[in-house]
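Here the structure is laid out as structure tokens; the discussion comes afterwards.
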Amino acid sequence: SQELEQSPQSLIVQEGKNLTINCTSSKTLYGLYWYKQKYGEGLIFLMMLQKGGEEKSHEKITAKLDEKKQQSSLHITASQPSHAGIYLCGADSGGSRLTFGEGTQLTVNP
Amino acid sequence: GAGVSQSPSNKVTEKGKDVELRCDPISGHTALYWYRQSLGQGLEFLIYFQGNSAPDKSGLPSDRFSAERTGGSVSTLTIQRTQQEDSAVYLCASSLWRRGLGETQYFGPGTRLLVL
């Protein structure tokens, strides 16, 4: 079965700093999703990547899928307290279900 | 438009009782999923419905868990004879579905279940 490993598990940064979260798969990724979750809330969809080398951006968040389609990174530029939360990567595991990483807990200090 | 809604938002029950959790998917979404998120286990798939096809129940942890989807829309997840290890956040998601192509799953806010 496919496994996703996220790093780091937690991250504390000062407001305004850039940061990167990584997601590594044990198998080739055919659809990689990034979600954000705040405590007590559901998952908020951020971006989906499918093609090797693909890169997408939304506001200050950029996600990339490497050429070999086994690793994705999420980069936040000039972080703000509103970026705080748990970031989860998820991958198509066949049959449309998603397999998720353990998540990265991001804290942004003002 | 309206997103995925779930009810109740919180549920506290006693061990051995049955509980029902409800999910209203986004209108027009034919695929519906249930996941469970618990401490130390991450987010795990439970069951998947697509149109009139037989559901994929392969993620259900035991026969105490069941789910149905009426009229291709609302879904109910039922846990019988609840155990303390059933305590978790139960998340529902829905998506459009096209054969052979991935579609983004949109999640509801979840139901936080606590079994005492």
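The values are calculated or read from the model by the stated rules, or taken from the named source; none is laboratory data. The model shown is predicted, which means the values in this text are computed figures rather than measured ones. Don't worry about glycine lacking a Cβ; one is built from the backbone with ideal geometry, like all the others, and counts go over all protein chains shown. Ligands, DNA and RNA are excluded from the accessible area calculation, which covers all protein heavy atoms including side chains. Shrake-Rupley method; radii C 1.70, N 1.55, O 1.52, S 1.80 Å.
For residue B:47, which sequence-distant residues (separation of 5 or more, or a different chain) have an amide H within less than 5 Å of its own amide H, given hydrogens modelled in the peptide plane?
Here the answer is B:34, since their amide H atoms fall under 5 Å of that of residue B:47.
What are the ³J(HN,Hα) couplings of the range A:4-21, residue after residue, when phi is run through the Karplus curve with 6.51, -1.76, 1.60 and θ = phi - 60°? Round to Hz, x for glycine and proline.
Those phi angles translate into 10, 10, 9, 8, x, 6, 8, 8, 10, 10, 7, 3, x, 7, 8, 8, 9, 10 Hz.
Around residue B:45, with a cut-off of 9 angstrom between Cβ atoms, what is the net charge of the other residues, counting Lys and Arg +1 and Asp and Glu -1?
On the way: positive: A:97, B:36; negative: B:44, B:56.
Cβ neighbours under 9 Å give a net charge of 0.
Give the lysines reachable from residue B:57 as a straight Cα distance under 25 Å; neighbours fewer than 8 places away on the same chain don't count.
A:27, B:11, B:15, B:17
To the nearest µm²/s, what D does Stokes-Einstein give for chain A at 20 °C and 1.002 mPa s, using the Kirkwood radius over alpha carbon pairs as Rh?
Working: Rh = 13.9 Å.
Here the translational diffusion coefficient equals 155 µm²/s.
Mind listing the Cα extents of the range B:5-115 along all three principal axes, in Å, largest one first?
40, 26, 24
Taking Cα centroids, how far is the range A:20-94 from the range B:41-95 in Å?
Centre-to-centre (Cα) distance: 25 Å.
Taking the Cα centre of the range A:1-84 as the origin, how large is its charge dipole in debye, to the nearest 20, when only Lys and Arg (+1) and Asp and Glu (-1) carry charge on their Cβ atoms? Don't jump to the answer; show the numbers that get you there.
Details: 10 positive and 9 negative charges, 17 e Å.
For the range A:1-84, the charge dipole is close to 80 debye.
Run through the range A:7-74 and list the trypsin sites (Lys or Arg not before Pro) located in a DSSP loop whose Cβ has at most 10 other Cβ atoms within 10 Å.
Numbers: sites: A:17, A:27, A:36, A:38, A:51, A:56, A:60, A:64, A:68, A:69; in loops: A:17, A:27, A:38, A:51, A:60, A:68, A:69.
Passing both the DSSP loop test and the Cβ count: A:51.
Taking all pairs of distinct Cα atoms, average 1/r, flip it, and tell me the Kirkwood hydrodynamic radius of the protein assembly as shown in Å to one decimal place. Display every interim value, and only then the final one.
Details: mean 1/r = 0.0552 Å⁻¹.
Taking the inverse mean of 1/r over all distinct Cα pairs, the protein assembly as shown comes out at 18.1 Å.
Counting other Cβ atoms within 10 Å, keep those with at most 10, restrict to DSSP loop, and tell me which GluC sites (Glu not before Pro) in the range B:1-83 are left.
Details: sites: B:14, B:20, B:44, B:68; in loops: B:14.
In loop regions of the range B:1-83 (DSSP not H, G, I, E or B), the sparsely surrounded GluC sites (Glu not before Pro) are B:14.
Return the value, in Å² to the nearest 100, of accessible area buried between chains A and B (probe 1.4 Å, both sides summed). Don't skip to the end; give the middle numbers.
Numbers: alone 6310 and 6540 Å², together 11330 Å².
Answer for the A-B pair: about 1500 Å² buried.
If you place +1 on the Cβ of every Lys and Arg, -1 on the Cβ of every Asp and Glu, and leave all else neutral, what size is the dipole of the protein assembly as shown about its Cα centre, to the nearest 20 Debye? The partial results should precede the final answer.
On the way: 23 positive and 22 negative charges, 34 e Å.
In debye, rounded to 20, the protein assembly as shown gives about 160.
Residue A:69's amide H: which non-local residues (gap 5+, or another chain) put their own amide H closer than 5 Å, with H modeled 1.01 Å from N in plane and none for Pro or chain starts?
HN-HN under 5 Å from residue A:69: A:53.
Excluding residues on the same chain fewer than 8 positions from residue A:36, give the aspartates and glutamates whose Cα lies under 15 Å from its Cα.
A:59, A:102
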